[in-house]
Every structure is written in structure tokens, then in C-alpha cells.
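Everything on this sheet refers to the single structure shown next.
Coordinate-derived values only; no laboratory data. If you're wondering where the values come from, they're calculated on a predicted model, not measured in any experiment. Heads up, the Cβs are rebuilt from the backbone with ideal geometry, glycines too, and the neighbour counts pull from every protein chain shown.
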Amino acid sequence: MKFTPIIIALLIITSLTSCISTKRLTYLAEDENNKVDSLISFQKMQRPYRVQINDLLSIRVKALDQELTSMFNPIGDSENSTATTEERAYFDGFLVDRHGEIRIPTIGNMKVLGLTLEEIRLKLNDKLLEDYFKSEANIFITVKLAGLRYTTLGEINSPGSQVIYKEQISIMEAIANSGDITLTGDRRAVKILRQYPEGQRIHRVDLTKISAINSQFYYVQPNDLIIIDPLPQKSLGIGTTGFGTIATVFSIATAITILFIRL
């Protein structure tokens, strides 16, 4: 039959170009010649997070006499104990408003935009020692993020928003918590929509390379939006594996053959 060579050629070309290669599915592929350098660079990339607008902070003040610090701590510690962790964080946390400030009982407004958590702790400590306590009170202050919230969208098995109660979380952990990227998701260009004081920016990370751990965007920040775009294979609708592609194209070729036979 004169159409057979054309059909066979179409089958071979489509099979080679449509299935998803292993390289596009493998996470953090190692560079055998640069293992040590990658580790050193990774350690140097760690930077403390600087507070942004809409962040929710958890602040606790303790001292030898706890009654003296009760005015500075959220009432939820005693009156709202039945609430979930996320609910308590929402009602008792300190939200960074659009002016970059938080409002603390008795103290009032405090500017925190762009400061690290440690800088906020030291600033609050100085304020309390200056106006409310003596050094003998041995005040102890903790300042943390009241949960790290992020959202995943696109080619991921369980998209949506999540709140993680950890000091930090990598983008690999965030994706794992969302059920992993689908076979048709692009791991080479994972997009991160991140907020800054001047607005929002989009960054991209290639998760198929070990160098991703050196990226300044490897660790998730509060309110990050992680977007996984689809690979071209999804829009083609042919198949994600070689067998799937061959089966699909074979079905199409069979249908075309039958059509020409009838004609």
C-alpha cells in the first residue's frame, strides 16, 4: 500500500519527539565534577528572611514574673486554647500592615518592614528595657513567623494553599507536600511569584539540576505562589511515554488506513 511508508515515518517521528525523556523527570541531577563546590556554595546562600507586608508574626514575651508580661502577650494563650494552631495564629498573631508596621499591646505601632526576625526581637527587647522593665527582670522574647503559607498551582497533583509551621521549607518539600509534579509538568522552569516591598516578581528554578539548591529562590518565603507549567506533550495529547505515544499513533494510523481502504 502506497501510504504505508508515510504512516511508518509519521509513527517514528512522533514517537521520538512526543514522549517525555527521563532527564525532564529527574530531580536535582548531580554534576559528578562539582559535588564539593555545590555543597560549599549552598551553605553560603543561606540568608535570613526579611519581613514583608501581610506577614503574620508570632511574638511572645516572658520574664521571671509572668504577670508582668501578660499585657504584651496575646490573650489566646489562655482564653482561646481550643482553637486550632492556624486559628490562633490568625487571631493572636501580629499582621504587618500596608505601612510595614505591627501593633503591639501597650507599646503601640512598631515599624518592622524589611527587618529580620532577630532584628525585630532586638528592637522590641530594647524598647521593653527602656520603657517597661529593668535588666533584672530577665525578659525573654521570641519572634517567629506565624506559619509559612504558600500556594501551588498548575501541573501538580494536589494544588492549593498550605501553611507549614517550620522555620524554613525548600521548594522540593513544598512540591512534595502538594503531591509532586505530574508527568506533564515542566520541572525545568518552575515559576515562583514572590512579593517585594515594591511589588511582585516572577523567578524560575530548574529542579532537574543539582545547582537548584544554590538558587536564592530554593527556599520558600511567605505568600509565595509556585506555578508548574505544562510540557508541550500535554497540549499534543499524544502520550507521556514511548509506549503510550506508539499506541496512540498506531490507533490514528489504523484509522487512516481503514479510511483509505474504504475510499
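Quick look at the values:
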item	result
Reachable aspartates and glutamates, given that their alpha-carbon falls under 14 Å from the alpha-carbon of residue 134 and they are not under 8 places away in the same chain	65, 126
Dipole in debye (nearest 20) - the stretch 56-145, about Cα centre, beta carbon charges: Lys, Arg +1; Asp, Glu -1	240 debye
Pairs from 111/191; 111/166; 23/144; 62/166 whose Cα-Cα separation, in the structure shown, is over 28 Å	111/191; 23/144
The stretch 56-145: C-alpha gyration tensor shape, a/c 1.5 cut-off, then a/b vs b/c	oblate
